[in-house]
Amino acid sequence: MTAIRSPIADAWARRHLTVAFAAVFVGALGGLVQAFVRAGWMTLPPWLDYYAVLTVHGVLLALVSTTYFIFAYLLAGNGRTLGDLSPGGRRFVALGFWLMTVGILLAAAMILAGEASVLYTFYLPLQAHPLFYIGLALFVVGTWSVAYALIRQYFDWKKAHPGERTPLFAFMATVTLFIWWIASLGVAATVLFQMIPLSLGWVSGVNVELSRTLFWYFGHPLVYFWLLPAYMVWYVNLPKIIGGRLFSDALARFAFLLFLVFSFPVGVHHQLTEPGIRDVWKFFQVVLTFAVVVPSLMTAFNVFATFELTAREKGHRGLFGWIRALPWQDVRFLAPFLAMLFFIPGGIGGLINASYQMNAMVHNTLFVVGHFHVTVGTPVMLTFFGASFWLIPNLTGRTLPAGARRLGLVQAILWAAGMLLMSIAQHALGLMGAPRRTAFTTYQNHPVAESWFSTPIANYATMAAGGALLFTAAVLMVGLAVYLAFFAPKAAPDRAEPFPLAEAAEEGMQPALLENWRLWLTLAAVLIVIAYTVPLIDIANHGAPLVRGYRTW
């Protein structure tokens, strides 16, 4: 498939990438500080609060860098498959970008001022400054504006090309944005109707259980908003990079539609230890959580079948001979491939977290932090980093020099090694009882707490060493991004680093069912109603006392 040039979409993609990599640098610095404090290697000055650093780290890396990178990637990809933004689409993208940026600057200012040390989950009854919540609201509304422009672009293309198969990239982008739109309704509800009124003193208290349920209605689908663009890189871009074709276009579309249906009614598995939701509904959402494994396995099959098909078409034989044919010296392939490998233990850890009995053992321990970093911090971030080596020079009209490729390999290996060290230590420390969300403490020299500093491998020093490697890799990646954007050799218009768009091995007939949006959105809505209606009614009716806001810092 030939990529289309889209100057307006490219310009906005570059702006989004600028914010994304700025957030990566500051967020990674916050992660390094946390790791060193927990290991006892650093003592923070009185003016800098550990929980403010923790909030900066979570908000910038988990919410800001990912969202801006995803929109940059989707803007560029839609531009190359559907054409440039319409005048109306440009206005919505511009409005969304500035709303997001003003919102996150407001929120960041409150965090740095010590007025919002509520972590990236910003749970009530911890209460931040009203401007923090207003910033979050602006950020969410901004994302809706950009998402609207991209979804509208997709349906305008369909209207102008009746009967044609829609480009796979644009189809997947639309599924991803529908997931974001539907999921963010939950966080918007708790921010607008609970957090802002409480912080402004308009209400005397809030129902905390309701707030947490609304947050996790949003919080777990958020994971798929992060993951699906990484899957898009694996499905749409990697086959072209290795010189092959996607094994099955239809299977890829069906997997994404299953994510759309099953991503939402799973949030309660984050609340298995909470008393306000009946066990039957917790069990129901645990079952649905396991259902999300199915499209992930479909993705693994499709992607690895693509790798094998490509190698065998090039003449490689034997049971594992195709593995040697993969371009291991190409960072554009190696970084996403390492990301895939990390998602295997990440997925297994997710099954543990979602299991009713085992969750009680690891809940609120560092095991959960290790799981989060293995599931998002590597599969998502390392895929995005690998994609940056063709996305940035493509957007800026430059080439990818051999030296940048070699440094990219170093960056990917450093990130993987750092994450391996840190996550192994976090998982093991969690099983030993080390809590999450806490700064340095020995709990008055308790023997169990002291073991967290001395047990081989499973100790805070290993975690801090992994964090140091990760920060080094982050700085290197930011430096490479700046180089690729501004200093890499300029290319002739037809010689810039290409935007790789793969074709399917077998086009065949595409069932009309796969683009029956009314059907799939209705199925998603029905599951949401079944999974949440009774629990929300129970929470509203069981008479839980309203709780006032607290500042613990």
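The values are calculated or read from the model by the stated rules, or taken from the named source; none is laboratory data. Only a predicted model underlies this, so the values are computations on that prediction, with no experimental measurement involved. Glycine also receives a Cβ, built like all others from the backbone with ideal geometry; neighbour counts cover every protein chain displayed.
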Looking only at the stretch 236-287, which residues are farther than 23 Å from residue 81 by Cα and in a loop (DSSP other than H, G, I, E, B)?
-> 263, 264, 265, 266, 271, 272, 273, 274, 275, 276, 277, 278
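Among 95, 124, 106, which is the only one that is modelled with pLDDT of 95 or more and crowded, with 18+ Cβ neighbours inside 10 Å? If you could, list the steps in order and put the result at the bottom.
On the way: 95 fails: crowded, with 18+ Cβ neighbours inside 10 Å; 124 fails: modelled with pLDDT of 95 or more.
After applying the criteria, what remains is 106.
Answer yes or no as to whether residue 265 is within 25 Å of residue 390 (Cβ to Cβ) and not charged (D, E, K, R). Walk me through how you get there before you give the answer.
Numbers: within 25 Å of residue 390 (Cβ to Cβ): no; not charged (D, E, K, R): yes.
Judged against the criteria, residue 265 is not a match.
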How many of the residues in the stretch 192-206 are assigned to a loop (DSSP other than H, G, I, E, B) and either touching a residue at least 40 places away in the same chain (Cβ under 8 Å) or surrounded by 11 or more Cβ atoms within 10 Å (Cβ to Cβ) (or both)?
-> 4
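One residue is enough: does the stretch 406-417 have a residue meeting the conditions of a type in the set (D, E, K, R) and either in contact with a Leu (Cβ under 8 Å, 6 or more places away or on another chain) or in a loop (DSSP other than H, G, I, E, B) (or both)? Walk me through how you get there before you give the answer.
Going through the stretch 406-417, the residues of a type in the set (D, E, K, R) turn out to be 406.
Filter once more, so that each one left must be either in contact with a Leu (Cβ under 8 Å, 6 or more places away or on another chain) or in a loop (DSSP other than H, G, I, E, B) (or both): none.
The answer is no, given that none of the residues of the stretch 406-417 is of a type in the set (D, E, K, R) and either in contact with a Leu (Cβ under 8 Å, 6 or more places away or on another chain) or in a loop (DSSP other than H, G, I, E, B) (or both).
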Hey, can you tell me all the residues within the stretch 487-507 that are at pLDDT 80 or above and in a loop (DSSP other than H, G, I, E, B)?
-> 487, 488, 489, 491, 492, 497, 498, 499, 500, 501, 502, 503
For the stretch 72-83, indicate whether the set of residues that are surrounded by fewer than 24 Cβ atoms within 10 Å (Cβ to Cβ) and either free of Cβ contacts under 8 Å to residues at least 24 places away in the same chain or at positive phi (or both) is non-empty.
-> yes
Residue set 527, 514, 484; condition in contact with a strand residue (DSSP E or B) (Cβ under 8 Å, 6 or more places away or on another chain), surrounded by 17 or more Cβ atoms within 10 Å (Cβ to Cβ), assigned to a helix (DSSP H, G or I) and touching a residue at least 24 places away in the same chain (Cβ under 8 Å); output residue 484
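Can you tell me which of 483, 550 is among the hydroxyl-bearing types (Ser, Thr, Tyr) and within 30 Å of residue 196 (Cα to Cα)? Can you show your working first?
Details: 483 fails: within 30 Å of residue 196 (Cα to Cα).
On inspection, the qualifying residue turns out to be 550.
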Looking only at residues in the stretch 109-118 that are surrounded by fewer than 19 Cβ atoms within 10 Å (Cβ to Cβ) and aliphatic (A, V, I, L, M), which one is farthest from the chain's Cα centre (by Cα)?
-> 113
Is there a residue in the stretch 144-151 that is buried (at least 19 other Cβ atoms within 10 Å of the Cβ), in a helix (DSSP H, G or I), over 20 Å from the mean Cα position of the chain (by Cα) and modelled with pLDDT of 95 or more?
-> yes
